[in-house]
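What follows is a single structure, written as structure tokens, with notes after it.
Bear in mind these aren't lab numbers, they're just calculated from the coordinates by the rules spelled out. These numbers come from a predicted model, not from an experiment. Glycine also receives a Cβ, built like all others from the backbone with ideal geometry; neighbour counts cover every protein chain displayed.
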Amino acid sequence: MARMKFICDDDRCIECDACITACKNENEVPWGVNRRRVVTLNDGKADETSISVACMHCSDAPCAQVCPVNCFYTTEDGVVLHDKDLCIGCGYCFYACPFGAPQFPQDGAFGNRGKMDKCTFCAGGPEEDFSEAEFEKYGRNRLAEGKLPLCAEMCSTKALLAGDGDVISKLFSQRAVERQLNQEESDNSASGPKLWGWKTAYKE
Amino acid sequence: MFRLFPFLLLLSTEALADERTFWRQAREGVEGYSAVVGVETNKLIQATGSQWLYIRNELIAGTGAWVLALTVFALACFYLIRGKVCLTEPRSGEMIERWNKKERWLHFYTATLFIILAITGLSLLFGRSLIIDWVGHEAFANYAEYAKIIHNYAGPLFSVGLVLMGLIWFEDNKFRKIDGLWFRQLGGFIGNKHPSAGRMNGGEKAWFWLLMTAGFLVTVTGLNLDFPNLEQYRLVMQISHIIHSVAALLLIVGALAHIYIGTIGTEGALEGMITGKVDKTWAKQHHDLWLETLEKQSSTTCGERKHTTESISQNKSETLLKKS
Ligand code: SF4
Ligand code: SF4
């Protein structure tokens, strides 16, 4: 069975933040919640690098291991989902997750956390596919429609890839190899093929 | 690790120097910029979460379960072997006030909240492995949601109780030399000795100070966990959670022993806390120095009282210490 994964190519991400917007719109996520975010390190310097990050749908998900009500499950496609009806908003998944993926709308006084919300790989939730309850709680179920997550689908530089882990990692390593070759060629001649990415832009 | 980051593996084989720097920075949690505003949204990876997971799931839950089970087991064994610590002399029928009304209210106010907090807190730690199979997933989740809320609100109320206890019982719980003797005679639990004690014996003082120190820790960390809207970093929350759990487990162990000793473990102890009065025989057996002080007090005039009280217990405990 395919295991769904995201890969973000840091050589291509131009920090346009369109993935964030696409996700917010497609899934109509709760106020104050962003399932995806773009982080730029070394902003404004020559080695400025951006990455789009959301839930990485870990194989041995730390969030699932600490959840006191055990509300996570992994779908056949390897997507890590959770059941909002069971979630108690304790925040433990957020403490355990390396990527800061779990998000919480405030619910009640003193910053009490509401039900956790996170990237679903556009795969909805435990409710019936395409049901209103599913959309309301988890957002669009694009996977059931035969489509991939919208963030990756509309990424203009194709930095963000989503899909079967084997397929996209092959694609990605092929890219990396070609980039290396191109790099060598363009180092040798001024008219070498153009590459994507910062190293070309900054003529390193 | 690599299962978590398949893309890291790919990138490292590429062996591009600056990419490696980037991923090293990412893993170290270097802060960058993100258009998404919020706490730590500008970090790609928060790496200590995996340590927190290990500490919570393996060390705290794993060891905690053993420690609690062993405590209950030890108390049960003790009860079977030693049985109740009974009065060795017949009751005199003369009753002495040991706990005034305020003290009794405060005790049961704090105790009730403690039990609520312990049960709801333990539910979040062990419920997944113990209760879900038993009551069903949905029922447990419903309960756990209330448990979380109740725990969050009962916590600060409990802390108020702790502070008041600290204020009214501080004087009585200062350690004195005589307490060392109490501990050396194992509090009279083993053997037939009745070690001397003032109003509080060595064991009560130990419990008081455990309450004060561990109670302080659970309060500070608990308040921190109560307000996730204060923009704490995850590291702060993880550390708070660890300290909170360890201190709470220590308190639960202490409370189990305290409840045992105060109920089925000692004849006459619970009635003292409920009615406020104890039999004179009981006072003599368990808190002889306190009884003497009381008796002396009632026979002196009020102006001399304080002075005499102190010197009596001082003299008595010195002779006792010399004897031992
Ligand atoms: S929420 Fe975090 S820990 Fe859980 S699967 Fe997603 S990335 Fe992994
Ligand atoms: S916030 Fe919800 S999903 Fe996360 S660990 Fe707590 S109960 Fe589980």
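Within the range B:187-208, which residues have the backbone N less than 19 Å from the label spot 7 Å out from B:E97 along Cα→beta-carbon, could you tell me? Within reach of a label on B:E97, which here means backbone N under 19 Å from a point 7 Å along Cα→Cβ, the range B:187-208 contributes B:199-200. Give B:K177/B:K284; A:K115/A:K158; A:K45/B:K43; B:K174/B:K296; B:K177/B:K296 a once-over and call out the pairs whose C-alpha atoms are over 25 Å from each other. A:K115/A:K158, as the Cα separations exceed 25 Å there. Considering only alpha-carbon pairs that sit under 8 angstrom and 6 or more positions apart, the relative contact order computed for chain A is 26 percent. GNM remark for chain A: springs join alpha carbons under 10 Å apart, and the peak mean-square fluctuation among A:R140, A:R35, A:R12 falls on A:R12. For the residues B:A26, B:A111, B:A197, a GNM of chain B with alpha-carbon springs under 10 Å puts the largest fluctuation on B:A26. Averaging 1/r over every pair of different alpha carbons in chain B and inverting the result gives a Kirkwood radius of 23.7 Å. Think of it this way: in chain A, A:C8, A:C13, A:C16, A:C23, A:C58, A:C67, A:C71, A:C87, A:C90, A:C97, A:C122, A:C155 stand alone, with no other Cys Cβ under 4.7 Å. Report, as an integer, the average count of C-beta atoms from other chains found within 10 Å of each Cβ along A:166-172. Mean shielding count: 2.
Going by how many other beta carbons lie within 10 Å of each one, how would you line up B:S50, B:S298, fewest first?
Exposure proxy ranking, most exposed first: B:S298, B:S50.
3J(HN,Hα) couplings calculated from phi for the range A:53-63 with the Karplus curve 6.51 cos²θ - 1.76 cosθ + 1.60 (θ = phi - 60°) are, in sequence order, 9, 8, 4, 9, 6, 4, 5, 10, 4, x, 4 Hz; Gly and Pro show x.
In this Cβ point-charge picture (+1 for Lys and Arg, -1 for Asp and Glu), the protein assembly as shown has a dipole of about 2440 debye about its Cα centre. Between the Cα long axis of helix A:18-27 and the first principal axis of chain A there is an angle of about 30°, rounded to the nearest 10. Once the Cα atoms of helix B:101-130 and of chain B are each reduced to a long axis, what angle between those two axes, in degrees from 0 to 90 to the nearest 10, is obtained? The two axes meet at around 30 degrees. Calculated FRET efficiency, B:Y79 to A:A109, Cβ-Cβ distance, R0 = 35 Å: about 0.20 to the nearest 0.05.
Ranked for footprinting exposure by Cβ neighbours inside 10 Å, fewest first, B:F78, B:F108, B:F114 give B:F108, B:F78, B:F114.
For B:F126, A:F99, the sequence from fewest to most other C-beta atoms within 10 Å is B:F126, A:F99. When only alpha carbons are used to place a centre, the range B:202-243 and the range B:139-163 end up 14 Å from one another. Take every Cα pair under 8 Å whose residues are at least 6 apart in sequence, average their separation, divide by the length of chain B, and the relative contact order is 24 percent. Relative to the longest principal axis of the Cα atoms of chain B, the long axis of helix B:17-28 lies at roughly 30 degrees.
Eigenvalues of the alpha-carbon gyration tensor of the protein assembly as shown, scaled by 5 and square-rooted, set the equivalent ellipsoid semi-axes at 64, 24, 19 angstrom, largest first. Taking every residue in A:109-116 and counting other chain Cβ atoms within 10 Å of its Cβ, the average works out to 4.
Just checking the listed ones, B:I190, B:I115, B:I81: in the Gaussian network model of chain B with Cα springs under 10 Å, the one fluctuating most is B:I81.
Can you compute the FRET efficiency between B:A69 and A:C16 using 1/(1 + (r/R0)^6), with r the Cβ-Cβ distance and R0 = 56 Å? Round to the nearest 0.05. It comes to 0.50. Inter-chain Cβ neighbour count for A:67-78, averaged per residue, equals 3 (cutoff 10 Å, partner chain atoms only). Here the Karplus relation 6.51 cos²θ - 1.76 cosθ + 1.60, evaluated at θ = phi - 60°, turns the backbone of the range B:257-273 into coupling constants of 5, 4, 5, 4, 5, x, 10, 6, x, 9, 5, x, 6, 5, 4, x, 6 Hz, with x for every Gly and Pro.
In terms of the Cα gyration tensor, with a ≥ b ≥ c the square roots of its eigenvalues, is chain A rounded because a/c is under 1.5, prolate because a/b exceeds b/c, or oblate? Since a/c reaches 1.5 and a/b is larger than b/c, the shape of chain A is classed as prolate. Please compute the modelled spin-label separation between B:T263 and B:K296, points set 7 Å along Cα→Cβ, answer in nm with one decimal. Result: 3.7 nm between the two label points. Ranking B:P195, B:I150, B:W169 by how far each Cα lies toward the positive end of the dipole of the range B:144-252 (charges on Cβ) leaves B:P195 at the top. Residue by residue, the range B:148-153 carries 3J(HN,Hα) couplings of 4, 5, 4, 4, 5, 8 Hz when phi is fed to the Karplus relation 6.51 cos²θ - 1.76 cosθ + 1.60 (θ = phi - 60°); x denotes Gly or Pro.
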